[in-house]
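The values are calculated or read from the model by the stated rules, or taken from the named source; none is laboratory data. Predicted, not measured: the structure shown is a model, and the values here were computed from it. Neighbour counts are summed over all protein chains in view; Cβ atoms, including those assigned to glycine, are modelled from backbone coordinates with ideal geometry. For accessibility, only protein heavy atoms count, side chains too; no ligands or nucleic acids. Shrake-Rupley method; radii C 1.70, N 1.55, O 1.52, S 1.80 Å.
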Amino acid sequence: MKPGNWSQVTEFIILGFPHLQGVQAFLFLLLFLIYLTTILGNLLIFLVVFLDSRLHTPMYLFVSILSLLELGYTAATIPKMLSNLLSEKKTISFSGCLLQIYFFHSLGATECYLLTAMAYDRYLAICQPLHYPTRMTPALCVKIAVGCWLGGLAGPVAEISLVSHLPFCGPNRIQHIFCDFPPVLSLACTDTSINVLVDFVINSCKILATFLLILSSYVQIICTVLSIPSAAGKRKAFSTCASHLTVVLIFYGSILFMYVRLKKSYSLDYDRALAVVYSVLTPFLNPFIYSLRNKEIKEAVTRQLKRMGILK
């Protein structure tokens, strides 16, 4: 299209789940309760780890950072989703859409890096226990955490820059539950093959590389655990990383299918369902996975509640 023959779109309409228009109030209530539980659960874990000196170890430091990360990760999309469920005008400005994409992807990338760091921590603790205290020092934990955040925040900059220079001349209806690269690129009034390729390469490097590093860590962890002679020792070793592995499988199981692909034609309902898993359900389940399967966190929560006088 020649310059001057189009007008730039200034806002998008987020369609969400168009087939569920009759149950918007129910969906709002359900999503609101999930979001409220997500906030309270992750905030509880963060505060318990922060307040309880017995949990001031590398593993729980990473768990607390993950909980804090989930608060920002869900804040990037769910409040706008809740607003759209109650509003007749389900719009978002062009700049607001790009900001939502940026924060969602940057915090998602940070989670990938943090989950990888947590896998490395478990690898050192189980496979090299004698060297663990000298290698995984508090200073190194802080450096790793800062590196995860900085790497995540820098991740989507190139993609956002490319999208911001695309011409959008209508339609402006996003076939998704929030702003994301694939549905937004499908609305551009020009060829987006370069954007799709860049998006694929960056996501492949980011998601596949971290997933393979996590997988490699757990292969070595499993080999080490299987060599432990006692059944009790095996159970204890597995229990320390079962929660983390569960989170990894849920999170990566959805984002691998969503973002590591080149084709532009895909099932919209399929993508919406996957988006619910990694943007809503995973942050919602994390506090339950880490608290219900972790004896030390449950004991720490009990100690804090007794200290506050809520329990006797």
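Some observations on this one:
- Relative contact order %, the stretch 23-308, counting alpha carbon pairs below 8 Å whose residues are six or more apart: 26 percent
- Cβ crowding within 10 Å averaged over residues, with 153-159, 244-250, 281-287 ranked highest first: 281-287, 244-250, 153-159
- Span from the the stretch 106-157 Cα centroid across to the the stretch 270-312 one, whole angstrom: 21 Å
- Hits among aspartates and glutamates - C-alpha to C-alpha of Lys298 under 19 Å, sequence gap 8 or more where chains match: Asp52
- Percent accessible area from carbon and sulfur atoms, the chain, protein chains only, probe 1.4 Å: 70 percent
- Net charge over other residues, Cβ less than 12 angstrom from the Cβ of Phe12 (K, R count +1; D, E count -1): +2
- Measuring with a 1.4 angstrom probe and ignoring ligands and nucleic acids, Met59 comes out at about 30 Å² accessible.
- For Ile174, residues with placed amide H under 5 Å, excluding near neighbours: Ile13, Ile14, Leu15
- Over the chain: helical MRE at 222 nm, DSSP H runs n ≥ 4 each giving -39500 (n - 2.57), nearest 500: -22500 deg cm²/dmol
- Applying a 4.7 Å cutoff between beta carbons, the unpaired cysteines of the chain are Cys112, Cys127, Cys141, Cys148, Cys205, Cys223, Cys241.
- Cβ crowding within 10 Å averaged over residues, with 119-126, 166-173 ranked highest first: 119-126, 166-173
- Phi-derived couplings, Karplus 6.51 cos²θ - 1.76 cosθ + 1.60 at θ = phi - 60°, listed residue by residue for the stretch 61-76: 4, 5, 4, 5, 5, 4, 5, 5, 4, 5, 5, x, 4, 6, 5, 6 Hz, with x used for Gly and Pro.
- Protein heavy-atom accessible surface, 1.4 Å probe, per residue over the chain: 49 Å².
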